[in-house]
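Written out below as structure tokens is the structure these notes cover.
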Amino acid sequence: TKDTLGIRAFFDDLRGFYTDGRFQDAKIQVVLDEPFEDFEIQVNKGKLTQVVDNLFLNSEYWLKEYARRGELDSPTIFVKSHKPFVQISDNGLGIDSSIEDALFQPFVTTKPKSIGRGSNQSIRLGQPR
């Protein structure tokens, strides 16, 4: 089932869910970078939520790790929107150069073996409405 979603409302809801909930103890902020271009898409909301959740949880892991090691003061996840693209990034230290060429292969990670689901840090949302 596909729903018509406004991108700003979708990410506003997620920002509140994570910032006021799961990320609160780690003091991770989710910021919608302005100008944030709002547009509508037709998508299965559950599947889009799953993709974004995977990106956010990957960022959460590494931001917590860098903060724990004292390498990061204000862990932040940024969401930018420029129709038809949405870019998700964070202010962590970046991808280890040893996996850059294989990053989008299934199960590629530098997390400990028992942690994680792989990663992807950018999504294209198809044809906007």
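The values are calculated or read from the model by the stated rules, or taken from the named source; none is laboratory data. Computed from a prediction, not measured in an experiment: that's the story for all the values here. No Cβ is skipped: glycine too gets one built from the backbone with ideal geometry, and neighbour counts run over all protein chains shown. Note: accessible area is taken over every heavy atom of the protein model, side chains too, but ligands, DNA and RNA are not part of it. Shrake-Rupley method; radii C 1.70, N 1.55, O 1.52, S 1.80 Å.
List of remarks:
- GNM remark for the chain: springs join alpha carbons under 10 Å apart, and the peak mean-square fluctuation among Ser59, Ser74, Ser89 falls on Ser74.
- Which of Gln24, Pro106, Leu5, positive extreme of dipole for the chain (C-beta unit charges): Pro106
- Prolate/oblate/rounded label for segment 1-43 (Cα gyration tensor, a/c 1.5): oblate
- Shape call, segment 28-72: gyration tensor on alpha carbons, a/c limit 1.5: oblate
- Acute angle (nearest 10 degrees) that the helix 45-68 long axis makes with the longest principal axis of the chain, alpha-carbon atoms: 30
- Residue among Asp12, Asp53, Asp25 with the largest mean-square fluctuation in a Gaussian network model of the chain, springs linking Cα atoms under 10 Å: Asp25
- Cross-link pairs Lys27/Lys47; Lys47/Lys80; Lys2/Lys64 - those with Cα-Cα distance over 23 Å: Lys27/Lys47; Lys2/Lys64
- Fluctuation leader among Ile41, Ile77, Ile88 - the chain, Gaussian network, Cα springs under 10 angstrom: Ile41
- Phi angles across segment 11-19 convert, under the Karplus curve 6.51 cos²θ - 1.76 cosθ + 1.60 with θ = phi - 60°, into 3J(HN,Hα) values of 6, 4, 4, 5, 4, x, 4, 7, 4 Hz, Gly and Pro given as x.
- Low-density loop positions, trypsin sites (Lys or Arg not before Pro), segment 1-88 - DSSP coil, at most 11 other Cβ in 10 Å: Lys2, Arg69
- Cα-centred dipole magnitude for the chain, charges only on beta-carbon of K, R (+1) and D, E (-1), debye, nearest 20: 420
- Accessible surface of the chain, 1.4 Å probe: 48 percent of it comes from carbon and sulfur atoms.
- For the chain, the Kirkwood hydrodynamic radius from C-alpha pairs, put into Stokes-Einstein at 4 °C and a viscosity of 1.567 mPa s, yields a diffusion coefficient of 84 µm² per second.
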